[in-house]
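Here the structure comes first, spelled out in structure tokens, and everything after it is commentary.
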Ligand SMILES: [Fe+2]
């Protein structure tokens with residue numbers, strides 16, 4: 001009887017781990033439409049962003065071709081890669097086929113990269129090699145800096161804030177000299193959102209949490225990474241803090257044990273309406289005005 005119980009227990013454990021491993025093999029393509037600030041207004045130019053986060057090339061179960069097949073035919077204007085590519089020198093060559101897939105998508109406004117805590121585990125020489133590989137494959141690296149693109153007549157500021165978890169983020173530097181436009185922030189660790197009361201953004205893309213990775217019965221992966229945000233139930237998907245929208249991707253790869261329970265590898269397509277611009281006074285933290293269509297209107301008190 002005891003032997004039967006043990007066999008059943010072992011078999012059940014094996015099944016759970018097998019199923020949890022299988023969860024890492026099929027990526028979900030999430031499509032997010034950022035709701036308009038004012039639903040009565042026209043949408044205006046729609047910017048389509050592909051976000052891939054937390055590839056963790058050491059433990060990725062999604063082959064490059066699956067990434068391509070999921071995205072071929074989708075409208076994509078620019079690509080945002082929000083960190084944690086890998087943490088071992090020997091896996092840098094494995095990243096290249098994924099970058100080639102992104103190049104094959106031939107997006108008109110480029111590929112933008114910020115780094116995560118795992119990328120900074122690399123020794124300086126190896127980190128330089130990672131940067132080199134990314135740049136050779138058309139990626140623009142942003143470390144506490146911003147660039148601007150003009151999309152259908154609208155200026156879009158792409159603000160790359162370096163990793164908050166490893167204390168490399170510098171918001172002042174990242175936002176320094178920013179001109180009026182749609183402010184899109186790319187960063188790895190979403191915890192930084194809790195420190196951005198005085199920094200305006202229209203949308204922020206992040207990753208880092210892996211959706212908890214083993215999110216049953218609770219998000220274990222977040223015990224160290226995001227205790228405060230977990231308490232606020234901010235773990236994944238489209239969220240708001242201080243009335244500002246931000247997104248936490250579940251990421252494409254895994255860390256430590258290569259399983260997922262209650263979460264799946266994620267590829268995300270974001271559709272943003274650029275007619276909605278909220279501008280915040282960086283000094284006072286108050287809303288000053290919002291721009292809708294071509295008019296600048298005072299906000300009602
Ligand atoms: Fe990660």
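The values are calculated or read from the model by the stated rules, or taken from the named source; none is laboratory data. Here the structure is a predicted model, which is why all the values come from computation and not from measurement. Using ideal geometry, Cβ is built from the backbone for each residue, glycine included, and neighbour counts are taken over all protein chains shown.
A few comments on the model shown:
- Out of 81, 86, sole residue that is within 16 Å of the chain's Cα centre (by Cα), part of a strand (DSSP E or B) and either within 16 Å of the ligand (Cβ to nearest atom) or loosely packed, with under 14 Cβ neighbours inside 10 Å (or both): 81
- Only a single item in (1) within 21 Å of residue 252 (Cα to Cα); (2) at pLDDT 95 or above; (3) within 16 Å of the ligand (Cβ to nearest atom); (4) in contact with a helix residue (DSSP H, G or I) (Cβ under 8 Å, 6 or more places away or on another chain) is not met by residue 168, and it is number (1).
- Which numbered condition residue 113 fails, given (1) out of contact with any helix residue (DSSP H, G or I) (no Cβ under 8 Å at 6 or more places or on another chain); (2) outside any loop (DSSP other than H, G, I, E, B); (3) touching a residue at least 40 places away in the same chain (Cβ under 8 Å): (1)
- Of residues in segment 206-225 being assigned to a strand (DSSP E or B) and within 14 Å of the ligand (Cβ to nearest atom), the one farthest from residue 175 (Cα to Cα): 214
- A single member of 251, 212 is at positive phi and at pLDDT below 95, and it is 212.
- Test: residue in segment 254-265 that is over 19 Å from the mean Cα position of the chain (by Cα) and at pLDDT below 50: no
- Any hit, segment 125-133, residues being surrounded by fewer than 20 Cβ atoms within 10 Å (Cβ to Cβ), within 16 Å of the ligand (Cβ to nearest atom) and either in a loop (DSSP other than H, G, I, E, B) or in contact (Cβ under 8 Å) with a residue 12 or more places away in the chain (or both): no
- Restricting segment 204-218 to residues that are in contact (Cβ under 8 Å) with a residue 24 or more places away in the chain and over 17 Å from residue 83 (Cβ atoms), the residue that is farthest from the chain's Cα centre (by Cα): 216
The rows are residues; the columns are (1) surrounded by 13 or more Cβ atoms within 10 Å (Cβ to Cβ); (2) in contact with a helix residue (DSSP H, G or I) (Cβ under 9 Å, 6 or more places away or on another chain); (3) in a strand (DSSP E or B).
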{"site": "3", "(1), (2), (3)": "no, no, no"}
{"site": "68", "(1), (2), (3)": "yes, yes, no"}
{"site": "76", "(1), (2), (3)": "yes, no, no"}
{"site": "96", "(1), (2), (3)": "yes, yes, no"}
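- Selection from segment 246-277 of residues that are under 17 Å from residue 205 (Cβ atoms) and surrounded by fewer than 20 Cβ atoms within 10 Å (Cβ to Cβ): 269, 271
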